[in-house]
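*Asks:* Let me give you the structure first, and then I'll get to my questions.
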Amino acid sequence: MIPAAILAFLVGAVLAWGFRVWILVPVSLLALLATLMFGPGAGFASAIGHGLLVGALPQFGYAFGLLARHGLVVLRSPRKAHAAMLGRQRSITGA
C-alpha cells in the first residue's frame, strides 16, 4: 500500500502543474477503486480504510504541487521596486 500511496501523492503533485482542481475528482475515484480492487485481502473494512487513504492522497499532492509552484514563482519574480516606490501614486500619463 505504501508504493500506491506515494504514487497517488506524486500524481496529485504533477497534476497541480497542468490542470484545475476538478481533475482530482476522477483521479481520486480511480485511486479509491484501484485500491479497493487490488488492495490487501485482510477484510472489507480494512480495504475501505486503505481505499479512502489512497483516494485522499492525490488531493494532498495537489496542494503540495500548488505550494511548490507558488514558491518557484515567488523565487523567480523580480524585486526591483524600492519601498518608497510602492507607496507613491502615479498618474496615468506618467507625470
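The values are calculated or read from the model by the stated rules, or taken from the named source; none is laboratory data. Note that this is a predicted model, so its numbers are computed, not measured. All Cβ positions, even for glycine, are placed from backbone atoms using ideal geometry, and neighbour counts span all protein chains on display.
*Asks:* Report, by residue number, each residue of segment 24-67 that is part of a helix (DSSP H, G or I) and without any contact (Cβ under 8 Å) to a residue 12 or more places away in the chain.
*Replies:* V25, P26, L30, M37, F38, F44, A45, S46, G49, L67
*Asks:* For A84, all conditions in the list (1) at pLDDT below 80; (2) surrounded by 10 or more Cβ atoms within 10 Å (Cβ to Cβ) hold save one; what is the number of the exception?
*Replies:* It fails just one condition, (2).
*Asks:* Considering every residue within segment 36-46, establish whether at least one is among the hydrophobic types (A, V, I, L, M, F, W, C) and within 28 Å of V73 (Cα to Cα).
*Replies:* Within segment 36-46, not a single residue is among the hydrophobic types (A, V, I, L, M, F, W, C) and within 28 Å of V73 (Cα to Cα).
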